[in-house]
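Input: a single structure, listed below in structure tokens.
The values are calculated or read from the model by the stated rules, or taken from the named source; none is laboratory data. Owing to the predicted nature of the structure, the values given are computational and were not obtained by experimental measurement. With ideal geometry, Cβ positions are generated from the backbone for all residues, glycine too; neighbour counts draw on all protein chains shown. In case anyone asks, the SASA skips ligands and DNA or RNA and just uses the protein heavy atoms, side chains included. Shrake-Rupley method; radii C 1.70, N 1.55, O 1.52, S 1.80 Å.
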Amino acid sequence: YTLSLHDALPILVIGAGPAGTPVAIEYAKLNSDKSIALVDVLGELGGECLFQGCIPSKILEASAKHIKEIQALKDFGVDIKDAHYNLIWDKIKQRKDDILNKRTASAKELANSVGNIDIIKGFASFESNNSIKVILDDKSETIVEFEKALIATGSKSVVASYGGDAVKEIITNDKFFHDMELPKSLSIIGSGAIAIEFTQILSTLG
């Protein structure tokens, strides 16, 4: 991979989520004569909010909301038999993928329209105060030098240690939205925004 600028970049952004992407775009707009780099391990713009957090959860919430409305019809004098709907999980998954693909494509189109952002897909690690090593998909490596760096890599789910063999599998939000397998039953640990959303959505989905 060869950057379009031979000298050190004025700014390097690591992480293409809701923090890194707008910073890169706005900096590029204000400094149209300078090239900058945006490095992300997925190579897609959006970060956890788009792929493993608030956006896919809202997509599932929309389906759950419609199911809840159907279930409430009896209270309004509309009696529907028990088999009044079928949960078509594959269609829900496809809708989620379609929406996420459109959103990240729109973000990338906006970034590309600025013209002076190099989007690099790879894993970044610091080599010095002013350089990083990026491991690309093909396992090759490149060194990128910069004057300033913005670290916007977000956070990761932490699985607490546990004993015994009663728990067959630990499912984080990352794993759930990646695999999109609907469990028959589960226990949710935590009371944050994602935990509450999952509780409400999966309960409604049955």
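Couple of notes before you dig in:
- The stretch 1-152: antiparallel DSSP beta bridges as a percent of all, rounded to 5: 45
- Couplings 3J(HN,Hα) of the stretch 91-108, computed from phi: 5, 5, 4, 5, 4, 4, 4, 4, 5, 5, 4, 5, 5, 6, 5, 5, 5, 5 Hz, in residue order, whole Hz [Karplus 6.51 cos²θ - 1.76 cosθ + 1.60, θ = phi - 60°; x for Gly and Pro].
- Correct choice for Cα extents along the principal axes in Å that was computed from the model, options (i) 48, 36, 28; (ii) 70, 45, 29; (iii) 55, 37, 30: (ii)
- Amide H contacts for residue 120 (H built 1.01 Å from N in the peptide plane; partners 5 or more residues away or on another chain; cut-off under 5 Å): 38, 39, 40.
- Only Lys, Arg, Asp and Glu carry charge here, each on its Cβ (+1 for the first two, -1 for the last two); on that basis the chain has a dipole of about 540 debye about its Cα centre.
- Residue with peak Gaussian network fluctuation, the chain [Cα springs, cutoff 10 Å], from 190, 46, 164: 164
- Under 27 Å from residue 156, Cα to Cα: lysines that are on another chain or at least 8 residues apart: 58, 93, 96, 102, 108, 121, 133, 139, 148, 168, 175, 184
- Solvent-accessible area per residue in the chain equals 65 Å², computed with a 1.4 angstrom probe and all protein chains kept.
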